[in-house]
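J.: I'd like to ask you about the structure that follows.
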Amino acid sequence: MNDRLIRYTLAASAVAAVVVFAIGLATGQLKNALALAIGLLIGSANGLLVQRSLALGVGFTALSLVRLLVLTGLGLGIGLLIGLSQVWLVVGGIAVAQLVLAGFAVRETLAG
C-alpha cells in the first residue's frame, strides 16, 4: 500500500467529513452529522494502519482481524458517547471510508 493511496483516502474522507458536518449543522442534525463525520475519519485511518502492519512482517490475516475489531470497537464506543441512536452512523462512516480506500486501490491497480 503506497503513501499516495493513503493520502488520497485521508483527504477524501476528511473532505467528506467536513461536508457532512456542514450539512448537519445547516439542517439541525448536528449529532447525526458528527457521528458520520467521526466514522469517516476513524475509517480513513485503516489504510495507515494496514501500511504499518505490513511493515511489522507479522501474519496479515491475524492483524487484519485485530485492526478491524479495534476500529469497530472504537466506532461503537464513540457512537455510544454521542448517543445510542447514532452508533450506526459512526459504523456506517467507517464502512464508507473503507469503500473510499477500496475505490482508490482499484484505481491505482488499473492505472498500473
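The values are calculated or read from the model by the stated rules, or taken from the named source; none is laboratory data. What you see is a predicted model; the values in this text were computed from it and never measured. Methodologically, a virtual Cβ is constructed for each residue, glycine included, from the backbone with ideal geometry; neighbour enumeration extends over all protein chains shown. Accessible surface is based on the protein model in full, side chains and every heavy atom, while ligands, DNA and RNA are left aside. Shrake-Rupley method; radii C 1.70, N 1.55, O 1.52, S 1.80 Å.
J.: Yes or no: residue 48 open to solvent by less than 90 Å² (accessible area, probe 1.4 Å), closer than 23 Å to residue 90 by Cβ and in contact with a helix residue (DSSP H, G or I) (Cβ under 9 Å, 6 or more places away or on another chain)?
T.: It is true that residue 48 is open to solvent by less than 90 Å² (accessible area, probe 1.4 Å), closer than 23 Å to residue 90 by Cβ and in contact with a helix residue (DSSP H, G or I) (Cβ under 9 Å, 6 or more places away or on another chain).
J.: Here is a follow-up. Please go through segment 1-19 and give me each residue that is open to solvent by 80 Å² or more (accessible area, probe 1.4 Å) and not basic (Lys, Arg), ordered by number.
T.: First, the residues of segment 1-19 that are open to solvent by 80 Å² or more (accessible area, probe 1.4 Å): 1, 3-4, 7-8, 15, 18.
1, 3, 8, 15, 18, listed by residue number.
J.: Do you know which of the residues in segment 53-85 that are in contact with a Phe, Trp or Tyr (Cβ under 8 Å, 6 or more places away or on another chain) and in contact (Cβ under 8 Å) with a residue 40 or more places away in the chain is nearest to residue 39 (Cα to Cα)?
T.: 79
J.: Additional query: Filtering segment 58-99 down to residues that are open to solvent by less than 40 Å² (accessible area, probe 1.4 Å) and β-branched (Val, Ile, Thr), which residue is farthest from residue 30 (Cα to Cα)?
T.: Among those that are open to solvent by less than 40 Å² (accessible area, probe 1.4 Å) and β-branched (Val, Ile, Thr), it is 94.
J.: Can you say whether residue 22 is open to solvent by less than 50 Å² (accessible area, probe 1.4 Å) and at pLDDT 95 or above, as far as the supplied structure shows?
T.: no
J.: Being under 23 Å from residue 11 (Cα atoms), open to solvent by 40 Å² or more (accessible area, probe 1.4 Å) and out of contact with any Cys (no Cβ under 9 Å at 6 or more places or on another chain) is the requirement here; does residue 40 meet it?
T.: When the stated conditions are applied, residue 40 does not pass them.
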